[in-house]
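Contents: one structure, followed by commentary.
The values are calculated or read from the model by the stated rules, or taken from the named source; none is laboratory data. Just so we're clear, the structure is a prediction, and the values are computed from it rather than from any experiment. As a convention, Cβ positions derive from the backbone with ideal geometry for all residues, glycine included, and neighbour counts pool all protein chains shown. We work out accessible area using only protein heavy atoms, side chains counted, and drop any ligands, DNA or RNA first. Shrake-Rupley method; radii C 1.70, N 1.55, O 1.52, S 1.80 Å.
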Amino acid sequence: MRLNQFIAHHSSYSRREADGLIASGRVSIERRPAKLGDSVQKGERVFIDSKMLKIKTSKPSTVIIYHKPKGEIVSRCDDRGRKVIFDSLDKKFAHFSPVGRLDYASEGLLILSDDKKIVEALMTSNLVREYIIKISGRVTKEMIEAMENGLDLEDARAGGHAKSKVVGMKFGAFEYFNISKNQSNFSRLKVAITEGKNRELRRFFAHFKAEVLDLRRVGYGFIQLSALPVGKWRYLNRDEYNKLHQFMHNFKGK
C-alpha cells in the first residue's frame with residue numbers, strides 16, 4: 001500500500017495531508033526516513049514524529065439498500081405514532097443511519113450504513129439522485145426553462161412541510177430530465193438532481209402550481225434501485241462496493 005494511503009487509512013490525516021508530512025520529513029518507515037511515493041510492506045511500522053502509527057483493525061463497514069414504501073418515516077421513532085423504517089427493517093440494522101431522507105409520501109431507494117463516515121460522504125456529495133415523479137397537469141415551458149437553468153425563490157414554502165422553517169430556496173439546473181407523459185390531467189418525468197434539499201422537488205413544482213402526486217427515487221450515484229421490491233432490502237453487490245471504496249478513497253483525499 002502506498003505510504004500516503006496507509007497514513008490516511010490509519011489516522012485522521014487525508015492523503016494530501018500525509019504527503020505534506022512525508023515531504024517535511026516527519027514520517028519514517030521502520031525508523032528510516034520516508035520519501036514521497038514510498039510504499040508500506042506488510043508488517044512494517046510507520047512513525048509520524050517518532051510516534052508509531054497504530055493500525056486500525058475495525059470490522060468492514062456494511063451498506064444496505066432499502067426500498068422505502070409510502071407511509072413510513074425515515075426516523076428511529078415518531079411522536080405521532082406513525083410507522084418508521086426501522087419497524088420494517090431487520091433488528092440487526094437498528095444501529096444503521098440513513099443517507100438523507102425520503103418524506104412520508106415518497107418511496108424508493110434509501111441507503112443505510114453502520115459507518116457514519118460513509119453516510120456523511122454520500123449525503124454531502126454531488127452524486128446524481130434520480131427520481132421518477134408524477135405531477136398534476138402539464139409540464140410547461142416555464143418548468144422546462146427552470147429545469148434547464150435553475151430557479152431562485154425567495155418564497156419556496158409551497159410544497160414544503162407546514163412546520164418547516166425553510167422559506168427561500170435556490171434550485172440548481174437539473175442534471176437531466178425526460179418527459180415520458182405530458183397531459184392536461186397529469187404528467188410523468190424522470191429527473192436527476194445533485195442535491196437533496198428539504199422537499200426540493202415538491203417545492204420546485206409547487207412554484208408552478210403543480211402538485212407532485214408520486215415520487216420514487218430510483219438512483220443515487222452508482223447505486224440503482226432496479227427491481228428491488230417495495231419494503232425489501234439488500235446488500236450492495238460487488239460492483240457497487242468497489243465503486244463505494246473508490247468513492248470513499250477520493251472523498252478522503254480531498
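For the stretch 50-73, the tally of residues that are under 24 Å from residue 109 (Cα atoms), in a loop (DSSP other than H, G, I, E, B) and not small (Gly, Ala, Ser) stands at 5. For the stretch 216-236, the tally of residues that are open to solvent by 90 Å² or more (accessible area, probe 1.4 Å) and charged (D, E, K, R) stands at 1.
Somewhere in the stretch 237-247, is a residue open to solvent by less than 30 Å² (accessible area, probe 1.4 Å), more than 22 Å from residue 93 (Cβ to Cβ) and either charged (D, E, K, R) or free of Cβ contacts under 8 Å to residues at least 12 places away in the same chain (or both)? Steps first, answer last, please.
Taking the stretch 237-247 as the starting set, the residues that turn out to be open to solvent by less than 30 Å² (accessible area, probe 1.4 Å) are 240, 244.
When the remaining residues are screened for being more than 22 Å from residue 93 (Cβ to Cβ), the result is none.
Within the stretch 237-247 (the criterion being open to solvent by less than 30 Å² (accessible area, probe 1.4 Å), more than 22 Å from residue 93 (Cβ to Cβ) and either charged (D, E, K, R) or free of Cβ contacts under 8 Å to residues at least 12 places away in the same chain (or both)), the answer is no, since none of the residues qualifies.
Looking at the structure I just gave you, is residue 190 touching a residue at least 60 places away in the same chain (Cβ under 8 Å), touching a His at 6+ places or on another chain (Cβ under 8 Å) and of a type in the set (Lys, Arg)? Spell out how you get there, then give the answer.
Details: touching a residue at least 60 places away in the same chain (Cβ under 8 Å): yes; touching a His at 6+ places or on another chain (Cβ under 8 Å): no; of a type in the set (Lys, Arg): yes.
No; evaluated as a whole, the condition is false for this residue.
Are any residues in the stretch 145-196 of a type in the set (A, V, I, L, M, F, W, C) and within 16 Å of residue 131 (Cα to Cα), and if so, which ones?
147, 171, 173, 174, 177, 179, 189, 191, 192, 193
I want to confirm something. Restricting to the stretch 114-141 and keeping residues that are in contact (Cβ under 8 Å) with a residue 24 or more places away in the chain and among the polar types (S, T, N, Q), which single residue is surrounded by the fewest Cβ atoms within 10 Å (Cβ to Cβ)? Quick ask: steps written out before the conclusion?
Going residue by residue through the stretch 114-141, those that are in contact (Cβ under 8 Å) with a residue 24 or more places away in the chain are 114-115, 117-118, 121-123, 125-140.
If we keep only those that are among the polar types (S, T, N, Q) as well, we get 125-126, 136, 140.
Numbers: 125: 18, 126: 11, 136: 14, 140: 14.
So the residue we want is 126.
Between 86, 93, the distinction of being aromatic (Phe, Trp, Tyr) and open to solvent by less than 10 Å² (accessible area, probe 1.4 Å) belongs to 93 only.
Does the stretch 200-210 contain at least one residue that is of a type outside the set (Val, Ile, Thr), open to solvent by 10 Å² or more (accessible area, probe 1.4 Å), closer than 15 Å to residue 106 by Cα and part of a strand (DSSP E or B)? No, the stretch 200-210 has no match at all. Annotation note: of 175, 130, the sole residue that is of a type outside the set (Val, Ile, Thr) and closer than 17 Å to residue 215 by Cα is 130.
Scanning the stretch 178-198 for residues that are assigned to a loop (DSSP other than H, G, I, E, B) and more than 17 Å from residue 106 (Cβ to Cβ) yields 183, 184, 185, 194.
Taking first residues from the stretch 158-178 that are touching a residue at least 40 places away in the same chain (Cβ under 8 Å) and partners that are open to solvent by 90 Å² or more (accessible area, probe 1.4 Å) and part of a loop (DSSP other than H, G, I, E, B), the Cβ contacts under 9 Å between residues at least 6 apart in sequence or on separate chains come to 158/209; 159/211.
Being out of contact with any Lys or Arg (no Cβ under 9 Å at 6 or more places or on another chain), closer than 22 Å to residue 172 by Cβ and without any contact (Cβ under 8 Å) to a residue 40 or more places away in the chain holds for only one residue in 111, 144, and it is 144.
Assessment of the stretch 44-62 against the conditions (under 30 Å from residue 225 (Cβ atoms) and in contact (Cβ under 8 Å) with a residue 12 or more places away in the chain) yields at least one matching residue.
Of all residues in the stretch 8-30, which are touching a strand residue (DSSP E or B) at 6+ places or on another chain (Cβ under 7 Å), open to solvent by less than 70 Å² (accessible area, probe 1.4 Å) and touching a residue at least 12 places away in the same chain (Cβ under 8 Å)? Spell out the reasoning first.
Initial filter on the stretch 8-30 (touching a strand residue (DSSP E or B) at 6+ places or on another chain (Cβ under 7 Å)): 21, 25-29.
From the residues that got through so far, the ones that are open to solvent by less than 70 Å² (accessible area, probe 1.4 Å) too are 21, 25, 27-29.
21, 27, 28, 29 - these are the residues of the stretch 8-30 that are touching a strand residue (DSSP E or B) at 6+ places or on another chain (Cβ under 7 Å), open to solvent by less than 70 Å² (accessible area, probe 1.4 Å) and touching a residue at least 12 places away in the same chain (Cβ under 8 Å).
Hey, among the residues in the stretch 31-59 that are open to solvent by less than 100 Å² (accessible area, probe 1.4 Å) and aliphatic (A, V, I, L, M), which one's farthest from the chain's Cα centre (by Cα)? If we take residues in the stretch 31-59 being open to solvent by less than 100 Å² (accessible area, probe 1.4 Å) and aliphatic (A, V, I, L, M), then 34 is farthest from the chain's Cα centre (by Cα). Those strands (runs of 3 or more DSSP E) of the stretch 74-161 in which 1 or more residues are in contact with a helix residue (DSSP H, G or I) (Cβ under 6 Å, 6 or more places away or on another chain) and at pLDDT 95 or above occupy 107-113, 129-136.
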